[in-house]
Amino acid sequence: MVKRQKMDLLSRAWFLIVIFKAYKNNLRIMYRDFDLENLEREYSPSSCVEDIEVFIQAYCQMSQQTLKHAKQNEKVLTDLAYGHSASHVLDLFLPDDNTKPQKKLHVYIHGGYWQELSKNESCFAANNFQRHGYHFAVLDYTLAPHASLSEIVKECQQALAWLFQHADKYGYDQDEIYLSGSSAGGHLAMMMALTDWSKLFDCPSQIINGICAVSGIYDLTPIQQTYINKPLQLTQSDIDNNSPLLMEINTAHVKQCQITLAYGENETSEFKRQTQAMQQLLQSHAISTSCQEIAKRNHFDVILDLANSQSWLFQQVQQQMT
């Protein structure tokens, strides 16, 4: 009887030790001053909103209406292939007939933590750009886990190079290509701005005239330590080669690209800090950068301001394109 009680006590003690170790591991500092729970909250934009689906539905509904309108007016070319994979496609929206064509292209790269969404939910701003005489393109790229982050970056580079090479065919100027992106798309937009295109394609060193990177992640280090990394499987090489905050800045060609950064008022401190750090890094290289916290906006609805011609975000983009 005594022996059995001792065994029970030992079993309980061992159980408590296991629980304590798990608890302790969960509380250990993962990145900066954050334990795992708080780190994952900081890099979960949905932690700042009641229902993320409200905003996803807004993307879908606005994009469906936009695409329908463009198709009715025969002002969109869908599923243009920029590569050989089924996901290597883009939609190109053409300027409205009742506007003077500006021969300028704006390209939007969608977010979704490199693992969700597509061009089909991401053309919500196209009609606004068309009304101002601009071409507007939205990209698809292969999503994780079917592609690594390094591969996703290369696909976006391939898409932008294709758009550069086909400018004459579709009616915009090669030296009038601009870019925006939200969240993961903000990261990808910044990666495009930092690209030396002459090393990859038959292009000048800089083919992007301006970017608007919204709510982006520019240091991937914390992502590797969270649940977000499960489909991404980031390696240290992925982080080093695809974190704008950790990369060497080629000042000469990045200076040729106008840069606007933004984020919503209702975002986590880490998303805000990353954007602020990106601005500081660029400014330390004497690269002029505008940055704005947009009032009454969160991580998901801030990018919808591109569909509003009266918004600060669209006006900043339009100023780049003027």
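The values are calculated or read from the model by the stated rules, or taken from the named source; none is laboratory data. All values derive from a computational prediction rather than experimental measurement. Cβ placement follows ideal geometry from the backbone for every residue including glycine, while neighbour counts extend to all protein chains displayed. In case anyone asks, the SASA skips ligands and DNA or RNA and just uses the protein heavy atoms, side chains included. Shrake-Rupley method; radii C 1.70, N 1.55, O 1.52, S 1.80 Å.
Given the rule -39500 (n - 2.57) for each run of at least 4 DSSP H residues, summed and divided by the residues of the chain, what is its mean residue ellipticity at 222 nm, to the nearest 500 deg cm²/dmol? For the chain, the value works out to -12500 deg cm²/dmol. Taking all Cα-Cα distances within the chain, those exceeding 26 Å account for 48%.
Charged neighbours of C291, selected by a Cβ distance under 14 Å, balance to -1 (K, R count +1; D, E count -1). Average accessible surface for the chain: 47 Å² per residue, computed with a 1.4 Å probe over protein heavy atoms with every protein chain in place. Near S150: Cβ cut-off under 15 Å, other residues only, Lys/Arg at +1 and Asp/Glu at -1. The net charge is -3.
Take the Cα of I56, go 7 Å toward its beta carbon, and the backbone nitrogen atoms of segment 218-257 under 18 Å from that spot belong to 227-232. Rounded to the nearest 10 degrees, the inclination of helix 52-72 to the longest alpha-carbon principal axis of the chain is 20 degrees.
Distances between placed amide hydrogens fall under 5 Å for Q258 paired with G210, I211, all partners being 5 or more residues away or on another chain. On C-alpha positions alone, give me the angle between the axis of helix 312-321 and the longest principal axis of the chain, in degrees, nearest 10. Compared with the principal axis, the helix lies near 50 degrees. The relative contact order of segment 186-285 comes to 34 percent, based on Cα pairs under 8 Å that sit 6 or more residues apart. The slack in the chain from D97 to E116, taken as 0.36 nm per residue of separation less the alpha-carbon distance, amounts to 3.4 nm. Seen against the Cα atoms of the chain and their longest principal axis, helix 2-27 is set at about 20 degrees.
Of the heavy-atom accessible surface of the chain (probe 1.4 angstrom), what whole percent is carbon and sulfur?
49
Applied to segment 207-213, the Karplus parametrisation 6.51 cos²θ - 1.76 cosθ + 1.60 on θ = phi - 60° returns per-residue 3J(HN,Hα) values of 10, 9, 7, x, 10, 10, 9 Hz, with x for Gly and Pro. In a simple Cβ point-charge model (Lys, Arg +1; Asp, Glu -1; nothing else charged), the chain has a dipole of about 900 debye relative to its Cα centre. Pairs of lysine residues in segment 65-220 that meet both criteria, 8 or more places apart or on different chains and Cα atoms under 25 Å apart, total 27.
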